[in-house]
Amino acid sequence: MFEQFARETRETVRRAVEVAEAEDAAVVEAEHLLIALVDPPRDPVGRALVQAGFTADSIRSARDAEFRSALAAVGVHTTRPMPPASARLRRGRSTRFAPSAKLVLERTVKHATDSRTRRITNRDLLKAVVSAEVGRIPQLLAELGTTPTDLLQRAGGSQAA
């Protein structure tokens, strides 16, 4: 499967692993794939997202705001950012992909297959990221003040699948 990914898409997935490791995350999550699309922007999709104001910092800020909002919903108020995963979870392990990231990669392949393209691109990856209906990504997009359709249009893509 990975051999069908375009070079920049393989680099984006590798960059997501680096982002997760730099944040001391126990696993690569879907938001790490989104951050990797824009940090650094490797292709027209990433550059369009950055031009539209979606940067690694804005995504992380939205993630932290979503975290604080979730805590506030249960009566816990804090100004702290989302804490990193416990070092105990990472000890002796290589970084693995969380179910959210695995689902994104599966959807990426499906988007490419459905569109009958031979190469899997960052546009397919972005479509897969924003097509999540539950979990952190829809909440993160709401914090960023955007929708999947808007984000895809800004990146030069079509509507979400």
- Working from the pairwise distances between different alpha carbons, so that the mean of 1/r is found and then inverted, what is the chain's Kirkwood radius in Å? 16.0
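Is it possible to state the helix-based mean residue ellipticity at 222 nm for the chain, with each DSSP H run of 4+ residues giving -39500 (n - 2.57), the sum divided by total residues, to the nearest 500 deg cm²/dmol? What is it? Please list the in-between numbers first.
Numbers: 9 runs with 95 residues, N = 161.
Roughly -17500 deg cm²/dmol at 222 nm, from the helical runs in the chain.
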- Per-residue HN-Hα couplings for the stretch 146-153 [Karplus 6.51, -1.76, 1.60; θ = phi - 60°; Hz; x = Gly/Pro]: 9, 10, x, 4, 4, 5, 5, 5
- Query: Each label point is 7 Å from the Cα along the Cα-to-Cβ direction; what then is the distance between the points at S61 and E3, in nm?
  - Reply: 4.4
- Go ahead and run the numbers for FRET between K102 and H77, Cβ-Cβ distance against an R0 of 35 Å, rounding to 0.05. 0.55
- For Q153, placing the label point 7 angstrom along Cα-to-beta-carbon and taking the stretch 27-57, residues whose amide nitrogen sits under 20 Å are 45-55
- Item | Net charge contributed by nearby residues that have their C-beta within less than 15 Å of A142 (K/R +1, D/E -1) | -3
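Relative contact order of the chain: what whole-number percent is it, with Cα pairs under 8 angstrom and at least 6 residues apart?
Working: 205 pairs, mean separation 47.2, N = 161.
Computed over the chain, the figure is 29 percent.
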- Grab the other residues whose beta carbon is less than 14 angstrom from that of E133, score K and R as +1, D and E as -1, and report the net. +3
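Computed FRET efficiency, Cβ-Cβ of R118 and A22, R0 25 Å: what is it to the nearest 0.05?
Details: r = 33 Å, r/R0 = 1.31.
After rounding to 0.05, the efficiency reads 0.15.
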- Helix 99-114 versus the longest principal axis of the chain: what angle, 0 to 90°, nearest 10, using Cα atoms? 20
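Could you grab the relative contact order for the stretch 108-156? Cα pairs under 8 Å, six or more apart, rounded to a whole percent.
Numbers: 26 pairs, mean separation 13.8, N = 49.
Over the stretch 108-156, the number comes to 28 percent.
Here, each number is a calculation from the coordinates, and none is a lab measurement. As the structure is a prediction and not an experimental result, all values here were calculated from the model. Counting neighbours? That spans all protein chains shown, and the Cβs are built from the backbone with ideal geometry, glycine included.
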